[in-house]
Amino acid sequence: MARKPGSSPQAMKNRASKTAAAIAPASALAKDAPAKKKRTTPAQFAREVRAEARKITWTTRKETWITSVMVGIMVVLACAFLAVVDLGLGASMNLVLKLANGA
């Protein structure tokens with residue numbers, strides 16, 4: 001069986017290194033030691049948490065009520081749909097079983 005051109009291990013390594021070089025950002029090619037991250041003090045952490053917590057938008061009582069009602073309506077609709085499907089499948093299975101028993 002003939003090998004495909006460029007399927008040797010060396011050719012595959014060359015292609016992989018070219019692809020990695022093209023994809024890698026320029027800073028990754030510099031081979032510099034990664035800069036150490038500055039440690040965060042507990043006080044700084046608490047300030048950042050409070051700042052992020054201020055960005056949260058809570059739903060109003062009205063929005064929560066409307067969403068709850070919509071969920072309730074969807075549950076009732078899904079229940080009704082599944083009940084109809086169950087009744088239809090049950091009736092069809094009874095018909096098939098009656099035909100199979102020759103009654």
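The values are calculated or read from the model by the stated rules, or taken from the named source; none is laboratory data. All of these numbers come straight from a predicted model, not from anything done at the bench. Only protein heavy atoms, including side chains, enter the accessible area calculation; ligands, DNA and RNA are left aside. Shrake-Rupley method; radii C 1.70, N 1.55, O 1.52, S 1.80 Å.
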task = Hey, could you check the stretch 10-69 for residues that are at pLDDT below 80 and among the charged types (D, E, K, R) and say which is most open to solvent (accessible area, probe 1.4 Å)?
result = Lys36
message = Suppose the filter is of a type outside the set (Val, Ile, Thr) and at pLDDT 95 or above; does Ala103 pass it?
response = no
